Each structure stands twice: as structure tokens, then as C-alpha cells.
1. Which of Arg182, Arg79, Arg120 ends up with the largest GNM mean-square fluctuation for the chain, with Cα atoms connected below 10 Å?
2. Share of Cα-Cα pairs in region 163-310 beyond 25 Å, in percent?
3. Please give every one of the lysines within straight-line cross-link reach of Lys64, meaning a C-alpha to C-alpha distance under 21 Å, and leave out same-chain neighbours fewer than 8 residues apart.
4. DSSP loop trypsin sites (Lys or Arg not before Pro) in region 1-95 with at most 15 other Cβ atoms within 10 Å of their Cβ, which ones?
5. Let me check against my output: what whole-number percent is the relative contact order of region 75-155, with C-alpha pairs under 8 Å and at least 6 apart?
6. Using θ = phi - 60° and the Karplus form 6.51 cos²θ - 1.76 cosθ + 1.60, what ³J(HN,Hα) does each residue of region 14-19 get, whole Hz, x for Gly and Pro?
7. For region 244-283, compute the orientation-averaged projected area of the C-alpha convex hull (one quarter of its surface), in nm².
8. Above 11 Å lies some portion of the pair distances; for region 88-131, what is it as a whole percent of all C-alpha pairs?
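Throughout, read-outs are computed from the coordinates displayed, never taken from laboratory work. Bear in mind that the values here come from a model prediction, so they are computed numbers and not experimental data. Cβ: placed from backbone, ideal geometry, glycine included. Neighbour counts: every protein chain shown.
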Amino acid sequence: MNEFEAIRRMRELLPDAPPEVVVPIGDDCAAFRVGDETWLAAADMLVEGRHFRKWASPEGVGYKAVAVNVSDVAAMGGRPRFVLVSGGAPEPETALRVFEGVAEACREFGVYPLGGDTTRADALTVDVSILGVAEAPPVLRSGAKAGDVLAVTGELGASAAGLLALEGGIEGYPRLVKKHLRPEPRVEVGLAAAKLGVHAMIDISDGLASDVRHISEKSGVGCEINLDLLPVSEDTESLAKSLGRDASFLAAAGGEDYELLISAPGDILDELARSIEVPLTTVGWIAGGGVVFESGGDVVENLSGWDHFP
Ligand SMILES: [Mg+2]
């Protein structure tokens, strides 16, 4: 059984949702009504050996665990408010250092820690649950429509490039390393996008190539991505080149960028671009069936095969 199969089987065990649940499991956050308000809830866990290695400081792991949860609230167009933080560490001093990072991220993103639990564990583990509040109807993965344009915030591939620098002990790329260790969730963009009524949104955690499939599947539309349009910075290009890798591949499949992928009519995206400080780049369109990647006018059949040194 793989992870997806296990999640599918877990879903079958879910009881019927009470009427307050307006978006069940399956999007970046679930959404539920409390009085007149719509609240958002999500959880994300980081585990040593799987999500980070010894190059990550405990403080950094705590910070990132909060940041990636904030990103899921941003992807619904909500405002993050509260977290619950649990974790395991080999010794109490490490747990304390993790919480120093958690507290710093809470200050940075305006969230308040309501509680949690700690235990002794061989592998450092941090599990964060987040609550946010919607200031406009939550933006789902399922709303993309024919005629929409697909756009991404910020840049892609920098986090994956930073990870390559960390894993390879490559010096000289502090900006990329920081991109990997301290993601910047796009809360203000998400809020603005929801208020403008964009059709669909997701945060890019697994990589654009993977996350665009969620939009396609949930919306029942095809997506066409032009890999030549992906926003890639010069340092990402230069690090990729020094390793004989293709920067566009890092941008398409690298993951952990925590940028937003947004589907909306072009005029709404133009208005959004004018109202935010982060760059917004068109990377594709809602089109025909399935998900198609193209580069230089050719269809790229298999993204992992497309990387010269996968
Ligand atoms: Mg997400």
C-alpha cells in the first residue's frame, strides 16, 4: 500500500460531515462555519530524515513547520490565526530550540500558539495544526474554468536549488539556502486573490508539475504549462548549471517553493498583479484535457525523464 492508497482508505472511514463543514478534507485546508464566520483548518508535519537532515537547526525546523502551515491557509485566501504545535525530540533542550523557531514564526505571521504536546523521540518531529479565518469565500482547487490563465507568485526552483546546495555542501548560495529553510508563505497575495474572486488556488509544496494536477483533477479541466515561462532567478540558474542540471526542471518539479498557483481570468490576474508587491507570472492556461507541459514548442512527455540528470 502506498501513501495515496492509505489516504484513500482513511477517507472511506470518515463519518458524515456535520453541516458546519463547508469544505471537507481534500483541499489545502478544510473550511467550517462558526457563527457568521468561515474558519480554515490544516495540519502538516516535518520529520527528520524525511523532510530535513542534520543541516537543519531545530529552530529552523520549528520555523518552517509553522510557515508551511501558514502557506496552506494562504492557499485558501485566508488569514492565519492560531496554531497547535506538537513534536518529538531526542532531548528536552532540542524541543525548546524547536519552539524558539515556532515562536519566531508565530510573531512573523501573526499567529498565536494555543497549545500542543512534546515527547521524547529518536527522530526530530514537529507537527503543526493551524486555524485561519476566511475574509472572503475560500478559494478551492476545484474552481478553475475554461478561459482561465494560470499564474504563479514569486519564483520557482529556488528552494530545490537551496536544498541541492545544502545536501552537496556547496557554498556561495545563501539566498537559495534561505529560500529552502525559511519559506515565505504568500498570505497577502492569497487574501487579495480571494477578495478579487480568483477561480482556483493551491500552494506549490510538491512542485508545480505535481500541484497543477490537483487543480486539473479537482476542477475537471485540462492545464497547459509552458516551462519556458517559469520564473527562475539567476542564482538558481547558475547553481543548476554548475551541477549540470536543468533549472527549468528544478522550477517545474523541485517542490517546496510555497508560492501560489492561481487560476483566474486574465483581467482579474492583471488587477491582482497591480495590488501586490510579489511578482505574478503567467505560466499557462486552462485548456483541453489532462495536464500538458511544453517547452520550445514541443510537448514534454515525462518531466522526470526530461531532467538531464534526474
Ligand atoms: Mg497545500
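1. Arg120
2. 30
3. Straight-distance partners of Lys64: Lys54, Lys178, Lys179.
4. Values: sites: Arg8, Arg9, Arg11, Arg33, Arg50, Arg53, Lys54, Lys64, Arg81; in loops: Arg50, Arg53, Lys54.
Listed in order of number, the matching sites are Arg50, Arg53, Lys54.
5. Working: 109 pairs, mean separation 38.7, N = 81.
Relative contact order comes out at 48 percent.
6. 5, x, 4, 6, x, x
7. On the way: hull surface 14.2 nm².
For region 244-283, averaging the hull's shadow over all directions gives 3.6 nm².
8. Working: 635 of 946 pairs.
I get 67 percent for the Cα pairs in region 88-131 exceeding 11 Å.
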